[in-house]
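A short write-up of the structure that comes next.
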Amino acid sequence: MKIKVLEAKVVSQIAAGEVVERPASVVKELVENALDAESTQITVEIKNGGISLIRVTDNGTGIPDSETELAFERHATSKIGNWQDLQQLSTLGFRGEALPSVAAVAQVQMATSARESTVGSYLSLEDGRIVRHDSQARSPGTTVTVQNLFRKIPARLKFLKTEATEAGKIADVVSQYALAYPEVRFTFINEGKTTLRTAGSGKLRDAVSAVYGLETAQSMLEVQLQTNSPENGPSIRVSGLAGAPTIARSSRDFLSLFVNRRWVNNRLLTFAVEEAYHGLLMQGKHPVAVINLEIPPSLVDVNVHPAKMEIKFQDERLVFGAVQKAVRQSLVQSAPVPQVEEVKSHFATPSTPFSVPQTQSGFLKPAAVRSQEETPPITPLISLPLLRLLGQLACTYIVAEGPDALYLIDQHAAHERIMLEKIRNQRAEQKVEVQGLLPPVTIEMDPRQAATLRSHLPGLAEFGFDIEIFGERAFLVRAIPAVLRERDWQAALKESLDTSGGDWAENLLNTLACHSAIRAGQVMSDIEMRELVKQLEQTSLPNSCPHGRPVMIRLTLSQIEREFNRT
Ligand code: ADP
Ligand code: MG
């Protein structure tokens, strides 16, 4: 469509207000224009938090020379023509306000070349007026340069935060659009340094990796839901990635919401995602997630906010339900669910501090067998609530009461989990505690172990083993990891050398954790148990030990009531 000025009737329908509030709003408008122009590469460059310079370069459709001046007219747009179009928006922009608004508060230059034209245009504007319009060679696409924003409006300048904060807000805009458009290659350059570059591969996980790092990207679960049955109303699709509860953050800033790929702030959507994580996150933790909702444009009003960040849904319940369900599904499918049978076998253990009176124990077993099918699987437990210690069961399990449930914690598995994280962190920070051996101990290995040991001496040193080659198969051990103090460290070392397959350092880590953890069958004092539970609360994945076995089992009060035929 050609750029033309909207009729007064349409203009009157447009939500009025300030488009350019801060440098990040300029970047948002320019990036949206680049995306609307079907660009596959977008580069954003800034200086001084965007105040002295913002430059957005794209390889999109460009603007034909004859329309370039019109583009800076108020309410001139190529994206909608009439009132009907406003109800069916498929573009990010639609008001024809951004370019004139920016030009009114900064010095603006635009270089653009339409795909079909042979020569491009160069425009320069001061105080919103075109002061130069030349032809200039340029490959297809558009570059808009914005300098000295708000220089003539000191009141606005004063309202801005520090340059670093403004740069951060710009980085966020670029990151959000990079997440919304994984097929577009985004580059963000701040003060001459490239701080973000996405692959443009079309894969959301790659974009997440560029924005949040590989580790986060790997901990994201696929979200995919399509409502299509006619009785459920219009077809909507929810897609994206939801972070495992273990990578939850302390702020809401890691939740990206897009509606038809428009970045939005929406309480309903935020709430729907947080509800999906209900019970899986510790207090004060918020999910990492990138969720896109595709909904017929006629069912969403984006024309309610000058910066187009807010939207209104025609059917809020439909949207809420779909988003919550989509995210919940992906979380539940991926979470380990301990089987209810395990609980029963623990309860059947006789003569423990937890045993039931003789008269009732007869009821327990038949009831358990009968309710086998009806009993829902125990919900996955990923963060720990506050627990009241009740005691130790069979010298192996810690019994505790939490809100609405009884918890059985496998003391060895739990401690193993704690040790694993402790050792891993110490190693990462190069602060492994070591225990010197005086005198050093000579050990003999079989040929295979010896070969493995030789090739892994530096790796072992990272974990606190100070070992010297002492002969063909003999080694002199001068120090061991402090966690193996008073343990059979030789067995642990040999075991780690015998473990093959997988990541060697990871295997060693698991072995160390296992050997340093408290064993099953060991009596624990109340203080020790409390300490263990406290430490477990701080680990990132309290519900599985390094071998993937559950660390704890949760039996809800309603399950217990069922066992006692109370319901
Ligand atoms: P809107 O995006 O609401 O249409 P703008 O003021 O942002 O209004 O832009 C005005 C017009 O200029 C757009 O409708 C579009 O035709 C053209 N335009 C702006 N930026 C670009 C760009 N990067 N590539 C191609 N065309 C652009
Ligand atoms: Mg625009």
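Quick note: the coordinates plus some simple rules give every number you see, no bench work behind them. These numbers were taken from a predicted model, which means no experiment stands behind them. Positions of Cβ are generated from backbone atoms using ideal geometry, with glycine treated the same way; all protein chains shown enter the neighbour counts.
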Checklist entry - Which order, highest average first, do 148-156, 550-558 follow once you tally other Cβ atoms within 10 Å for each residue and take the mean per peptide? => result 550-558, 148-156
Checklist entry - Extent of the range 418-463 along each principal axis, from alpha carbon coordinates, in Å, largest to smallest? => result 32, 25, 18
Checklist entry - Restricting to the chain, what percent of DSSP beta bridges are antiparallel, rounded to 5? => result 90
Item to check | Modelled FRET efficiency - R0 30 Å, A479 with S455, Cβ distances, 0.05 increments | outcome: 0.95
Checklist entry - In angstroms, what radius of gyration and Dmax does the range 219-334 have, counting Cα atoms only? => result 13.7, 40
Checklist entry - What ranking of I480, I130 emerges when the number of other C-beta atoms within 10 Å of each C-beta is taken as an exposure proxy, fewest first? => result I130, I480
Checklist outcome for this item: Measuring from the longest principal axis of the C-alpha atoms of the chain, the long axis of helix 489-498 (C-alpha) lies at a number of degrees, nearest 10, equal to 60
Item to check | Along each principal axis, Cα extent of the chain, largest first, Å | outcome: 88, 69, 42
Item to check | Cα centroid separation, the range 45-123 to the range 384-408 (Å) | outcome: 62
Checklist outcome for this item: Descending packing, highest mean Cβ count within 10 Å first, for 26-32, 398-404 is 26-32, 398-404
Checklist outcome for this item: Checking the range 59-132 for GluC sites (Glu not before Pro) in a loop per DSSP with at most 13 other beta-carbon atoms within 10 Å yields E116
Checklist entry - What are the GluC sites (Glu not before Pro) within the range 145-254 that DSSP puts in a loop, where the Cβ has at most 14 other Cβ atoms within 10 Å? => result E183, E191
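Quote the relative contact order of the chain in percent (integer), defining contacts as alpha-carbon pairs under 8 Å separated by 6+ residues.
11
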Item to check | H278-T40 FRET efficiency (beta carbon distance; Förster radius 41 Å; 0.05 resolution) | outcome: 0.55
Item to check | Förster-model FRET efficiency, 25 Å R0, T246 and T499, C-beta, rounded to 0.05 | outcome: 0.50
Checklist outcome for this item: Checked against the positive end of the charge dipole of the range 8-202 (+1 on Cβ of Lys and Arg, -1 on Cβ of Asp and Glu, about the Cα centre), the farthest of S113, L160, G200 is L160
Item to check | Cα centre as origin, Lys/Arg/Asp/Glu Cβ charges: the chain dipole, Debye | outcome: 740
Checklist entry - Any idea how far apart I130 and E294 come out in nm if each label point goes 7 Å out from Cα toward Cβ? => result 3.9
Checklist entry - What nm value, rounded to one decimal, do you get for the distance between S52 and E506 when each label is placed 7 Å out toward the C-beta? => result 4.7
Checklist entry - Given only helices, namely DSSP H runs of n ≥ 4 each adding -39500 (n - 2.57), what is the per-residue ellipticity at 222 nm of the chain, to the nearest 500 deg cm²/dmol? => result -10500 deg cm²/dmol
Checklist outcome for this item: Once Lys and Arg are counted +1 and Asp and Glu -1 for all other residues with Cβ under 12 Å from that of P297, the total becomes -1
Checklist outcome for this item: Percent of all Cα-Cα pairs per 5 Å bin for the range 8-202, counting from 0 up to the last occupied bin, reads 1, 8, 16, 20, 20, 18, 12, 4, 1, 0
Item to check | Listed peptides 435-445, 414-424, 242-252 by packing density, highest first (mean Cβ within 10 Å) | outcome: 414-424, 242-252, 435-445
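Within 10 Å of each residue's Cβ, count the other Cβ atoms and sort Y122, Y397 from fewest upward.
Ordered from fewest to most neighbouring Cβ atoms within 10 Å, Y122, Y397 come out as Y122, Y397.
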Item to check | Distance between modelled label sites at E561 and Q333, nm, 7 Å Cα→Cβ extension | outcome: 3.3
Next on the checklist: How tilted is helix 504-516 with respect to the longest principal axis of the chain? Cα atoms for both, answer in degrees (0 to 90, nearest 10).
Outcome noted: 50
Item to check | Additional length obtainable on full extension of the chain from S525 to K152, 0.36 nm per residue less Cα span | outcome: 127.1 nm
